[in-house]
Amino acid sequence: MIYELQIADMPHSERRTTVYYRDLYDHITRVIDMVETYRELLTGSLDTYLSTISNNMNEVMKVLTVVASLMMVPTLISGIYGMNFRYMPELAWAYGYPFALSLMAFTMLAMIIYFRRKRWI
């Protein structure tokens, strides 16, 4: 609307009001450009912040996944040995319990070594 006022030759307007409208239009254009620049800066800052938060969450999720993976194998082994089977070879064996515990420890140690070689932990 200000643009139209500055270029229109209105019968009741004077030359100095036209100059005023041109100056006003110039100021409004500059303010709009500044607002768009600040909006783009804020959008970039928000994107950077969200990327940082996402990276931190990914690190936490990686640690939780490694811990859950380490606990899965001993849970499986204890679940199998916790079943009430009548004929299970290790039940009558004198070293069955230490064997099960050492098997759990060995698998966890093997997984830790594997995860370290892959640089996941």
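Structure values in brief
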{"read-out": "Any hit, the stretch 28-36, residues being modelled with pLDDT under 95, of a type outside the set (A, V, I, L, M, F, W, C) and under 44 Å from the mean Cα position of the chain (by Cα)", "value": "yes"}
{"read-out": "All positions within the stretch 98-112 that are of a type outside the set (Gly, Ala, Ser) and under 13 Å from Ser69 (Cβ atoms)", "value": "Thr107, Met108, Met111, Ile112"}
{"read-out": "Residue count, the stretch 87-114 (criterion: closer than 21 Å to Met72 by Cβ and not hydroxyl-bearing (Ser, Thr, Tyr))", "value": "14"}
{"read-out": "So Val31, is it free of Cβ contacts under 8 Å to residues at least 12 places away in the same chain, closer than 24 Å to Met1 by Cβ and aliphatic (A, V, I, L, M)", "value": "yes"}
{"read-out": "Verdict on Ala68 being free of Cβ contacts under 8 Å to residues at least 24 places away in the same chain, in contact with a helix residue (DSSP H, G or I) (Cβ under 9 Å, 6 or more places away or on another chain) and part of a helix (DSSP H, G or I)", "value": "no"}
{"read-out": "From the options Tyr25, Tyr21, residue that is aromatic (Phe, Trp, Tyr), modelled with pLDDT of 85 or more and assigned to a helix (DSSP H, G or I)", "value": "Tyr25"}
{"read-out": "Count - residues of the stretch 86-104 that are surrounded by 11 or more Cβ atoms within 10 Å (Cβ to Cβ) and either among the small types (Gly, Ala, Ser) or over 43 Å from the mean Cα position of the chain (by Cα) (or both)", "value": "8"}
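The values are calculated or read from the model by the stated rules, or taken from the named source; none is laboratory data. No experiment lies behind these values; they were computed from the predicted model shown. Neighbour counts are summed over all protein chains in view; Cβ atoms, including those assigned to glycine, are modelled from backbone coordinates with ideal geometry.
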